[in-house]
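Undergrad: What follows is a structure written as structure tokens; I'll ask about it next.
The values are calculated or read from the model by the stated rules, or taken from the named source; none is laboratory data. All values reported here derive from a predicted model rather than from experimental measurement. Neighbour counts are summed over all protein chains in view; Cβ atoms, including those assigned to glycine, are modelled from backbone coordinates with ideal geometry. Remember, those area values only see protein heavy atoms, side chains included, never the ligands or the DNA or RNA. Shrake-Rupley method; radii C 1.70, N 1.55, O 1.52, S 1.80 Å.
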Amino acid sequence: MDAFEELQHRIVACERCPELRAYCARIASEKKRAHRDDDYWGRPVPAFGDPAARALLVGLAPGAHGSNRTGRMFTGDASGVWLYRALHRAGYASQAEQRDRADGMRLRGALVSAALRCAPPGNAPTPSQLRNCFPYLQREIELLPELRVVVGLGAIGTRAAENALVAAGFAFARRHAFGHGAESVAHGARGSVVLLSSYHPSRQNTNTGVLTEPMLDAVFARARELSRGPSDP
Ligand code: SF4
């Protein structure tokens, strides 16, 4: 098992936030009527995608009946519908439709992660829960030697990404101000990484027009441009 796989195994077995573990287990046992026949994952959700990615996406946390049910980042809820369609259009995802861990989706050049790996009540993590989970994101950044761009999805994901880049040895000339499409450059011993922020593709944003598909496409087109590798078309 390599270091990346070992890290993901540690995440899935993590018990650092007992209240979140209890909450996720309760949701997994109670279920939602629409998913009553599903076998909920109910554990911390590992990162999903290419372990040699040049683009890292950092969301907020698993949804109670999304990733906490399917066991894969951004899979099984409305946010995932928007995210993977956009990743497919940008050339990172093998298909636009996502359903569960067995849907055949493959990511090339991108890794999808989050500030928190367990679903928090009300989608609202506490500062201590974010602190507990933070080392996992830092370690993922350290384990991506070809990393060129980090896309923060939402303000909390973006802030976690910024802090994790700094903890992993990168330095920003100025603090990153969150805004859709905002960019900052971080410099490190192994080159520069651009932090790019996006509004989160949550239902609150997509249903109200705060975030549109062209807006999300613009962010991933820019990420694609920044993360293009030597073997990419
Ligand atoms: S949120 Fe993170 S640190 Fe807390 S239990 Fe889940 S995986 Fe562990």
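Undergrad: Rounded to the nearest 0.05, what FRET efficiency do R131 and A171 give with R0 = 25 Å and r taken as the Cβ-Cβ distance? Could you check? Kindly include the intermediate steps, with their values, before the conclusion.
TA: On the way: r = 21 Å, r/R0 = 0.85.
Computed FRET efficiency for R131 and A171: 0.75.
Undergrad: What is the antiparallel percent of DSSP beta bridges lying wholly in the chain, to the nearest 5? Don't skip to the answer; put the middle values down first.
TA: Numbers: 11 of 25 bridges.
Antiparallel bridges make up about 45 percent of those DSSP assigns within the chain.
Undergrad: Using a 1.4 angstrom probe, figure out how much accessible area the chain has per residue, in square angstrom, rounded to the nearest whole.
TA: On the way: 10380 Å² over 233 residues.
Roughly 45 Å² per residue, with all protein chains present.
Undergrad: Over region 101-176, calculate the relative contact order: mean separation of alpha carbon pairs under 8 Å at least 6 apart, over the residue count, as a percent. Show your work: numbers first, answer last.
TA: Working: 40 pairs, mean separation 21.9, N = 76.
This gives 29 percent for region 101-176.
Undergrad: Can you give the relative contact order of the chain as a percent, counting alpha carbon pairs under 8 Å and 6+ residues apart?
TA: Numbers: 461 pairs, mean separation 47.3, N = 233.
Relative contact order, the chain: 20 percent.
Undergrad: What part of the accessible area of region 38-109, given as a whole %, is carbon or sulfur when the probe is 1.4 angstrom? Walk me through the intermediate numbers first.
TA: Working: 1240 of 2550 Å².
Answer for region 38-109 is 48 percent, counting heavy atoms of protein chains only.
Undergrad: What Kirkwood Rh does the chain have if only Cα atoms enter the pairwise 1/r average? Answer in Å.
TA: Numbers: mean 1/r = 0.0570 Å⁻¹.
So the Kirkwood estimate lands at 17.5 Å.
Undergrad: How many angstrom lie between the C-alpha centres of region 1-30 and region 103-173?
TA: 16 Å
Undergrad: I've got another one for you. Applying a 10 Å radius around every beta-carbon, put 32-42, 116-126 in order of their mean neighbour count, most first. Walk me through the numbers before you get to the answer.
TA: Details: 32-42: 12.9, 116-126: 19.5.
Top of the packing list down: 116-126, 32-42.
Undergrad: Through the Karplus equation 6.51 cos²θ - 1.76 cosθ + 1.60, θ set to phi - 60°, convert the phi angles of region 177-193 into ³J(HN,Hα) values in whole Hz; use x for Gly and Pro.
TA: Result, ordered by residue: 8, 5, x, 5, x, 5, 10, 9, 10, 10, 10, x, 4, 9, x, 9, 10 Hz.
Undergrad: Also, quick follow-up: Give the relative contact order (percent, whole number) for region 103-233; include only Cα pairs under 8 Å separated by 6+ residues.
TA: Values: 152 pairs, mean separation 27.6, N = 131.
Reported relative contact order: 21 percent.
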